[in-house]
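Chemist: Input: one structure, supplied below.
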Amino acid sequence: MKRNFISWILLLPAISVTMLIASCEKEAKPLSTASSNPAANKIEPGQGAANALLTVTGSGLGAITGIWFEKDSVEVNVNPNLNTDNAILFRIPADAVPGQQNILFKNSAGVEFKVPFTVLGLPAITTVSNYNFTAGAEITLTGKNLDDVTKVLISGAATELTVVSKTATSLVVKMPASTALSLFKLDITNAAGTITTTQEFVSIDNAYAVFLDGYGAGWDNGSWGPAEISSAFAKSGTRSFKATYGKGGWSADGFANWSPGMDNSAGYRYFSFWVKGADRDLTYYLTADKKAGGDYGNSDKSTPIVVPANVWTYYKLKIEDIGLWATGSPMQRLGWMIQGPNDGDAVLYFDDVIFIK
């Protein structure tokens, strides 16, 4: 009996080795085999956005070694554990290019096949025709993946904007009636999901106006050089404020509010304006009678404004950064100063000069 016990002990290593070999062989066995004639019958869902899980079903689908999306040859990370002779599971890569295209497959035998598919892309907004609006104004948003937009909302609110028209690269929306919100972003939804714009939009109805189509309440022309209301150009409405800076001079053009002036107690967060540049790029400096530099039109260069030639450019400056009431309140003069220009007259057009809460 003692001898039999020892015999069993001696046999254990051999049995363990045999079991280990059998176990390794079982683990090494491939989950599927390559076919010379794979057939993909269905892909579900038939469209999707980045990171969506896709399932391709059919026959002879085993041993897939490569998957990629046709546009820009974007590769998929293939997991053999999710591949059988009848199914392939994989996710849409983050950098897949939106649009209709084929998904290409290759198995270990070198056989390739393809399945048509539509990659959905989230909306993307790169430029806007205007940041400012009054009720009913139409604004054009330019970007990509916009032709399947289903909804546009004021971000964080239930107010829905009317979509007037849409293409793959543009979206025209009608802005809502006056709202308590003076500054907000938009939530834009399409088949791929919802994004929030980086661009912020301003309800002029809820802003403090220095100049819109004309002077705001209490404001007037406060320029040193020739300046006037002009209908030659306008960013919003039909008129803008035309300011001429004479060659070789030193001038400050802008606005004056002698009484009561503008007090610094209303909680405004931004000073904003559009300006159409002269025939060359120039740098101007924001000036005001209560800035730290002293009187309006002085040599204070703490707030430079680089104005590109011949185009409308939008500026939105934080009140805390520009010191309009650094030496007291109320402010009575506000404008843009240049020492020069030295190479010829320069004509600028200002529009939508406002303060935003």
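Chemist: Of the residues that sit in segment 125-134 and are in contact (Cβ under 8 Å) with a residue 60 or more places away in the chain and open to solvent by 30 Å² or more (accessible area, probe 1.4 Å), which one is farthest from the chain's Cα centre (by Cα)?
Modeler: My answer is Thr134.
Chemist: Can you tell me which residues in segment 299-357 are surrounded by 15 or more Cβ atoms within 10 Å (Cβ to Cβ), aliphatic (A, V, I, L, M) and part of a loop (DSSP other than H, G, I, E, B)?
Modeler: The answer is Leu324, Ala326.
Chemist: If you take the residues of segment 256-273 that are in a loop (DSSP other than H, G, I, E, B) and of a type in the set (Phe, Trp, Tyr), which of them is surrounded by the fewest Cβ atoms within 10 Å (Cβ to Cβ)?
Modeler: Per the criteria, the residue is Trp258.
Chemist: Shifting gears a bit: Give segment 181-203 a look and list any residue that's part of a loop (DSSP other than H, G, I, E, B) and either in contact with a helix residue (DSSP H, G or I) (Cβ under 7 Å, 6 or more places away or on another chain) or within 25 Å of Tyr315 (Cβ to Cβ) (or both), or say none. Walk me through how you get there before you give the answer.
Modeler: Just the residues of segment 181-203 that are part of a loop (DSSP other than H, G, I, E, B), to begin with: 181-182, 185, 191-192, 197-200.
Answer for segment 181-203, where residues must be part of a loop (DSSP other than H, G, I, E, B) and either in contact with a helix residue (DSSP H, G or I) (Cβ under 7 Å, 6 or more places away or on another chain) or within 25 Å of Tyr315 (Cβ to Cβ) (or both): Leu181, Ser182, Lys185, Thr197, Thr198, Gln199, Glu200.
Chemist: Hey, Ala157 hits all of (1) within 29 Å of the chain's Cα centre (by Cα); (2) modelled with pLDDT of 95 or more but one; which does it fall short on?
Modeler: The number of the failed condition is (2).
Chemist: I would also like to ask the following. Go through segment 135-168 and give me each residue that's assigned to a loop (DSSP other than H, G, I, E, B), within 25 Å of Leu317 (Cα to Cα) and open to solvent by 60 Å² or more (accessible area, probe 1.4 Å).
Modeler: The one that is assigned to a loop (DSSP other than H, G, I, E, B), within 25 Å of Leu317 (Cα to Cα) and open to solvent by 60 Å² or more (accessible area, probe 1.4 Å): Gly156.
Chemist: Still on this structure, I have one more. Yes or no: Asp95 closer than 30 Å to Ser203 by Cα and at pLDDT below 95?
Modeler: No: the conditions fail for Asp95.
Chemist: Looking at this structure, is Asp253 over 29 Å from the mean Cα position of the chain (by Cα), open to solvent by less than 50 Å² (accessible area, probe 1.4 Å) and among the charged types (D, E, K, R)?
Modeler: yes
Chemist: Could you list, in sequence order, all residues of segment 263-280 that are more than 22 Å from Ala346 (Cβ to Cβ) and over 23 Å from the mean Cα position of the chain (by Cα)?
Modeler: Those that are more than 22 Å from Ala346 (Cβ to Cβ) and over 23 Å from the mean Cα position of the chain (by Cα): Asp263, Asn264, Ser265, Ala266, Gly267, Tyr268.
Chemist: Can you name the number of the only condition in (1) of a type in the set (Ser, Thr, Tyr); (2) in contact with a Leu (Cβ under 7 Å, 6 or more places away or on another chain); (3) closer than 18 Å to Ala288 by Cβ that Tyr208 fails?
Modeler: (2)
Chemist: I would also like to ask the following. If you scan segment 78-117, which residues turn out to be open to solvent by 80 Å² or more (accessible area, probe 1.4 Å), out of contact with any strand residue (DSSP E or B) (no Cβ under 6 Å at 6 or more places or on another chain) and over 20 Å from Gly60 (Cα atoms)?
Modeler: Passing the criteria: only Ala94.
Chemist: Restricting attention to segment 167-178, report how many residues are closer than 17 Å to Gln199 by Cβ and touching a helix residue (DSSP H, G or I) at 6+ places or on another chain (Cβ under 9 Å).
Modeler: Result for segment 167-178: 0.
Chemist: Now for a separate question. Give me the residue from segment 169-197 that is touching a Leu at 6+ places or on another chain (Cβ under 9 Å) and among the polar types (S, T, N, Q) and, out of that set, surrounded by the most Cβ atoms within 10 Å (Cβ to Cβ).
Modeler: Per the stated criteria, the residue is Asn190.
Chemist: Now a separate question. For Thr287, work out the one condition from (1) buried (at least 17 other Cβ atoms within 10 Å of the Cβ); (2) under 16 Å from Ile356 (Cα atoms); (3) β-branched (Val, Ile, Thr) it doesn't fulfil.
Modeler: All conditions are met except number (2).
Chemist: Now for a different question. Check whether at least one residue in segment 291-298 is among the basic types (Lys, Arg), assigned to a strand (DSSP E or B) and surrounded by 15 or more Cβ atoms within 10 Å (Cβ to Cβ), and report yes or no.
Modeler: The answer is no, given that none of the residues of segment 291-298 is among the basic types (Lys, Arg), assigned to a strand (DSSP E or B) and surrounded by 15 or more Cβ atoms within 10 Å (Cβ to Cβ).
Chemist: Name the pairs whose Cβ atoms lie under 6 Å apart, with the first residue in segment 240-259 and closer than 13 Å to Ser223 by Cβ, the second among the aromatic types (Phe, Trp, Tyr) and open to solvent by 50 Å² or more (accessible area, probe 1.4 Å), and 6 or more positions between them or separate chains?
Modeler: The qualifying pairs are Ser251/Trp224; Ala252/Trp224.
Chemist: Please go through (1) surrounded by 16 or more Cβ atoms within 10 Å (Cβ to Cβ); (2) assigned to a strand (DSSP E or B); (3) charged (D, E, K, R) for Lys235 and return the number of the only condition it doesn't satisfy.
Modeler: Only one criterion is unmet by Lys235, namely (2).
The values are calculated or read from the model by the stated rules, or taken from the named source; none is laboratory data. Quick caveat, the model's predicted, so the values are computed rather than measured. Cβ coordinates were reconstructed from backbone atoms using ideal geometry, including for glycine residues, and neighbour counts include every protein chain displayed. The area values use the complete protein model at the heavy-atom level, side chains included, leaving out ligands, DNA and RNA. Shrake-Rupley method; radii C 1.70, N 1.55, O 1.52, S 1.80 Å.
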